[in-house]
Amino acid sequence: MKSTKILASIITAATLACGLLAAAVPAVAQTYDVVILNGRVMDPETNFDAVRNVGIKDGRIVTVTTDKIAGKKAIDATGHVVAPGFIDLHAHGQNIGDYRMQAMQGVTTMLELESGILPIGEWYDAQSKKNLPINYGAAAAWTYGRIATFTGTPPKATAKYFQDVQGRSDWKMNIATPEQQAQILKYVEQGLDEGAIGIGINAGYAPGYGNKEYFALAKLAAERDVATFTHFRYASNMEPQSSFQAVQELIANAAITGAHMHICHINSSSLKDIDAVLELVNDAFERDINITVGAYPWGAASTVIGAAMFTGEGWQERMGSKASNFQLGTKRMTEEQVEDYQKNQPGTFIVWHFLDESNPDDLALLDKSILHPRILIESDEMFWMFMDDHDRVINYEGDAWPLPENTFSHPRSNGTFAKILRSYVRERKLMTMQEALRKMALMPAQTLEGFVPQMKKKGRLQEGMDADIVVFDPEKISDVGTYEKPAQPAVGVQSLLVNGQLVVAEGALILDAGPGRPIRRDVSKRR
Ligand SMILES: [Zn+2]
């Protein structure tokens, strides 16, 4: 016994001596894969904010230190913020250009949770072959289950599957029979079995569903311990069938079933009735009802022109919109154009202006969503598209970089996170930098980590966390794309690391870098 003890203490002493030696000769000990030196390191969970060096190895943050450290690659972050990469819970684009535009504004994880997609297994397989620069994932799409059930066409994991049925109204407006409802839920369940991140309930696109169907979805989410992500129905400030009513319905289902229900883009779905809608949300928070909420900082939305909210008796009045509120490509539309596209190409993505940000009253409404301490930032990123010779809008699937000049999208697709840092933090000083990071990195991770364990290691800049890191210049970071000229990447991100690998270096995209990994629930936990 005695000799073992002595031996152990000799070993301990030797180890200590080695440790000291290694620390004293940092030039020899190139311990790290990447080091980020002298940056303003910020962590929104611990409120840490100080100049430090960050050492990264095997995709993880290994040290945050004042010590001198060295690695195979060194990034000088002097004068820059070093923060956890932004996590976008709400993004629709599926092509490499979509992910690249997001990387350029500091996003390291981009998830399709609002619409979702089906079949989930097929989608993850397809994404894994695209050499994506950032992490990806999706929810199980209730609308796809509805489309499949009403049309008899099994789901395909593409946006086209959704766009092509915009001219049909049954899946949007009909109440499902009990048999149909069971079939819809079966499709959703299969998605969950294949590892989907919760249930995407794009209710605004199929607002004719029955109350029992939505309740059943909430119940399913509670049983399976996942969240739902809802674009709530109606989008109207006039009762009945108002935004207010739809939020009330969502909160009721969360309260009754105990399901975690996320409200997507409360800013746009509330139109101008944000005060009344926020009253509901605040009261729900006060009673600890399990809801979370997201918003994006723009006065315009983007969707298909044949969407249910743009149809039916008096829709223009209900939406407070004329043709000039609509934008096709980069130009405002005429009445004739709106009519023509709604009739002949209802699956066409357009931009729809509902608030005028240059009007202080409208901007104040938008700010109420963005500045609310319980509301996180999500982009609602849209596909990058182009118009062909027949005035048809086509999703851009190519891998040209920069994106071709004739491509367009809503500027939120490449500017949401950069705009928060430019407008809300730097120019208007309405939000602290740490608060912005909390809303753009930590809160999204916290929203998912209860049922997606991978997210516990994201959204934080701490030792042991995933090395998903953005290094940006707080004086320069800006959204550059506009409604008229959207295809301009954000500026000011100096470096972006995803799983410890550089995706952006010295402000430029590394084209062959594909370290993005799937974010997915454990597939082995099938029923
Ligand atoms: Zn939406």
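The values are calculated or read from the model by the stated rules, or taken from the named source; none is laboratory data. All of these numbers come straight from a predicted model, not from anything done at the bench. For neighbour counting, all protein chains shown are included, and Cβ atoms are generated from backbone atoms with ideal geometry for every residue, glycine included.
Confirm whether A301 is under 27 Å from the mean Cα position of the chain (by Cα) and buried (at least 20 other Cβ atoms within 10 Å of the Cβ).
Numbers: under 27 Å from the mean Cα position of the chain (by Cα): yes; buried (at least 20 other Cβ atoms within 10 Å of the Cβ): yes.
Here the answer is yes, as A301 does meet what is asked.
Determine, yes or no, whether A50 is free of Cβ contacts under 8 Å to residues at least 12 places away in the same chain and either away from the ligand (no atom under 16 Å from the Cβ) or of a type in the set (D, E, K, R) (or both).
So A50 passes the test.
Listed here are the residues, each with its yes/no results for (1) of a type in the set (A, V, I, L, M); (2) modelled with pLDDT of 95 or more.
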residue	(1), (2)
F244	no, yes
H262	no, yes
K272	no, no
L278	yes, yes
N282	no, yes
R287	no, yes
A295	yes, yes
E313	no, no
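Which ranges mark the helices (runs of 4 or more DSSP H) fully within the range 399-485 that have 3 or more residues being of a type in the set (A, V, I, L, M, F, W, C)?
By residue number, 433-437, 443-449.
Right, S423: at pLDDT 95 or above and out of contact with any helix residue (DSSP H, G or I) (no Cβ under 7 Å at 6 or more places or on another chain) or not?
Answer is yes for this residue.
Of all the strands (runs of 3 or more DSSP E) wholly in the range 238-343, which have at least 3 residues that are among the aliphatic types (A, V, I, L, M)?
Numbers: elements: 260-263, 291-295, 300-304, 326-328.
Strands (runs of 3 or more DSSP E) meeting the threshold: 291-295, 300-304.
Just give me the residues in the range 459-498 being under 16 Å from R517 (Cα atoms) and either aromatic (F, W, Y) or buried (at least 24 other Cβ atoms within 10 Å of the Cβ) (or both), in sequence order.
G459, D466, A467, D468, I469, L496, L497, V498
Quick test for you: out of I256, I289, I266, I274, pick the one residue that is within 14 Å of the ligand (Cβ to nearest atom) and aliphatic (A, V, I, L, M).
Going through I256, I289, I266, I274 in turn, the sole match is I266.
Give T303, T292 a once-over and let me know the one that is in contact with a Phe, Trp or Tyr (Cβ under 7 Å, 6 or more places away or on another chain) and over 17 Å from V188 (Cβ atoms).
T303
Where in the range 20-123 are the strands (runs of 3 or more DSSP E), entirely inside, with at least 2 residues that are crowded, with 24+ Cβ neighbours inside 10 Å?
32-43, 48-57, 81-84, 86-88, 107-117
Let me confirm something: among F310, F354, F349, which residue is hydrophobic (A, V, I, L, M, F, W, C), more than 24 Å from the chain's Cα centre (by Cα) and within 16 Å of the ligand (Cβ to nearest atom)?
F310
Got a number for residues in the range 185-219 being within 16 Å of the ligand (Cβ to nearest atom) and among the aliphatic types (A, V, I, L, M)?
The total comes to 4.
In the range 494-527, how many residues are acidic (D, E) and modelled with pLDDT of 95 or more? Give the steps one after another, and end with the answer.
Residues of the range 494-527 that are acidic (D, E), as a first pass: 506, 512, 522.
Still in the running and modelled with pLDDT of 95 or more: 506, 512.
So the answer is 2.
Taking the stated definitions as given, is A148 closer than 16 Å to E189 by Cα, surrounded by fewer than 24 Cβ atoms within 10 Å (Cβ to Cβ) and among the aliphatic types (A, V, I, L, M)?
The answer is yes for A148.
Filter the range 220-238 down to the residues that are within 14 Å of the ligand (Cβ to nearest atom) and either modelled with pLDDT under 95 or hydroxyl-bearing (S, T, Y) (or both), then identify the one that is surrounded by the most Cβ atoms within 10 Å (Cβ to Cβ). Working first, answer last.
Let us first name the residues in the range 220-238 that are within 14 Å of the ligand (Cβ to nearest atom), namely 228-235.
Imposing the further condition that a residue be either modelled with pLDDT under 95 or hydroxyl-bearing (S, T, Y) (or both) reduces the set to 228, 230, 234-235.
Details: T228: 31, T230: 29, Y234: 24, A235: 27.
Checking each candidate, the answer is T228.
Please find, within the range 239-276, the residue that is surrounded by the fewest Cβ atoms within 10 Å (Cβ to Cβ) out of those that are of a type in the set (G, A, S) and closer than 20 Å to T416 by Cβ.
My answer is S268.
Mind listing whichever residues of the range 329-358 are in contact with an Asp or Glu (Cβ under 6 Å, 6 or more places away or on another chain), farther than 18 Å from H390 by Cα and surrounded by 15 or more Cβ atoms within 10 Å (Cβ to Cβ)?
Listed by number, the list holds a single entry, L355.
Would you be able to say whether some residue in the range 68-89 is within 16 Å of the ligand (Cβ to nearest atom) and under 24 Å from R520 (Cβ atoms)?
Within the range 68-89 (the criterion being within 16 Å of the ligand (Cβ to nearest atom) and under 24 Å from R520 (Cβ atoms)), the answer is yes, since at least one residue qualifies.
With respect to V351, determine if the residue is β-branched (V, I, T), farther than 25 Å from E484 by Cβ and not in a loop (DSSP other than H, G, I, E, B).
no
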